[in-house]
1. If Ile164 satisfies every condition in (1) in contact with a strand residue (DSSP E or B) (Cβ under 8 Å, 6 or more places away or on another chain); (2) among the β-branched types (Val, Ile, Thr); (3) crowded, with 20+ Cβ neighbours inside 10 Å but one, which is the exception?
2. Hey, does the range 62-73 have a residue that's assigned to a helix (DSSP H, G or I) and under 17 Å from the mean Cα position of the chain (by Cα)?
3. Within the range 67-77, does at least one residue satisfy the condition of being polar (S, T, N, Q) and touching a helix residue (DSSP H, G or I) at 6+ places or on another chain (Cβ under 6 Å)?
4. Grab the helices (runs of 4 or more DSSP H) fully contained in the range 113-225, keeping just those with 3 or more residues being farther than 20 Å from Gly79 by Cα and at pLDDT below 95.
5. How many residues are more than 23 Å from Ile26 (Cβ to Cβ) and of a type in the set (A, V, I, L, M, F, W, C) if we restrict to the range 39-59?
6. Which one of these does Pro59 not meet: (1) in a loop (DSSP other than H, G, I, E, B); (2) farther than 30 Å from Lys191 by Cβ; (3) touching a residue at least 40 places away in the same chain (Cβ under 8 Å)?
7. Of the residues that sit in the range 25-56 and are touching a residue at least 60 places away in the same chain (Cβ under 8 Å) and hydrophobic (A, V, I, L, M, F, W, C), which one is nearest to Ser165 (Cα to Cα)?
8. Here are some residues: Glu47, Glu96, Glu52. Which one is out of contact with any strand residue (DSSP E or B) (no Cβ under 7 Å at 6 or more places or on another chain), surrounded by 15 or more Cβ atoms within 10 Å (Cβ to Cβ) and among the charged types (D, E, K, R)?
Amino acid sequence: MKLIQQGAEAKILLDEENSLIIKDRIKKSYRIKELDEKIRKQRTRSEIKLLEKASKIIPVPSPFPLKEFNKIEMPFINGEKLSETLDSFPLEKQKEILRQVGEQIAKLHGADIIHGDLTTSNMIYKENQGSPYQPLLLLDDEQRLKRGDNNFQIFFIDFGLGFISKKIEDKAVDLHLLKQALEARHYKNWKLLFDEVVMGYNNYKEADKVLERLKAVEKRGRYKH
């Protein structure tokens, strides 16, 4: 097992032999043992349900059946974190990628799935060639011909802060987090890139309401002391 990420709540391990990612929720010694196990079990089950639901509509690693109450096993996506690779692409490709990201968020929000931590660090860029996954056709043939066939997929990962909600506010906050992440990590072209997210997101039937609420969310953040 190779430790590839260590957070406050979980360790992310890579089982190279079986090409698996294992998310192991960490025991908290300050909590009563029974309470700690209950909390970790609930959070693990909740995340698995979100992953299963999301994986039916966008590229998300689909979890395997639960073996241990605190561990999620899922396929290893052999790609690169979008946060680390996005800026290396020509601007037109960056825009194409972020348009697809917007389309995928629209699909999640259409299913009332809130990711809760939308950053390019929680997205994996993967070339389709040699992929064990079927390319996800987000566009019809006519649109695809106009824009050129995508030879990549963007996988969303880490739904640990995710939840189900119909609230416009929650969906606006999801977009706000991504906007902040683009500004912080990809500041050179962040405005153009977020415009592409919005263009893709407009596929969502309530996009206008969410984008209007996003303005209010941003205003609150701006004047918060």
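1. Going through the list (1) in contact with a strand residue (DSSP E or B) (Cβ under 8 Å, 6 or more places away or on another chain); (2) among the β-branched types (Val, Ile, Thr); (3) crowded, with 20+ Cβ neighbours inside 10 Å, Ile164 breaks only (3).
2. Applying the first criterion (assigned to a helix (DSSP H, G or I)) to the range 62-73 yields none.
Looking for residues that are assigned to a helix (DSSP H, G or I) and under 17 Å from the mean Cα position of the chain (by Cα), one finds none in the range 62-73, hence no.
3. yes
4. The helices (runs of 4 or more DSSP H) meeting that bar are 141-147, 207-222.
5. Going through the range 39-59 one residue at a time, the tally reaches 3.
6. For Pro59, the failing item is (2).
7. First, pick out the residues of the range 25-56 that are touching a residue at least 60 places away in the same chain (Cβ under 8 Å): 43, 46-47, 50-51, 53-54.
If we keep only those that are hydrophobic (A, V, I, L, M, F, W, C) as well, we get 50-51, 54.
Details: Leu50: 12, Leu51: 15, Ala54: 14 Å.
The qualifying residue nearest to Ser165 (Cα to Cα) is Leu50.
8. Glu96
The values are calculated or read from the model by the stated rules, or taken from the named source; none is laboratory data. Here the structure is a predicted model, which means the values were calculated and not measured. No Cβ is skipped: glycine too gets one built from the backbone with ideal geometry, and neighbour counts run over all protein chains shown.
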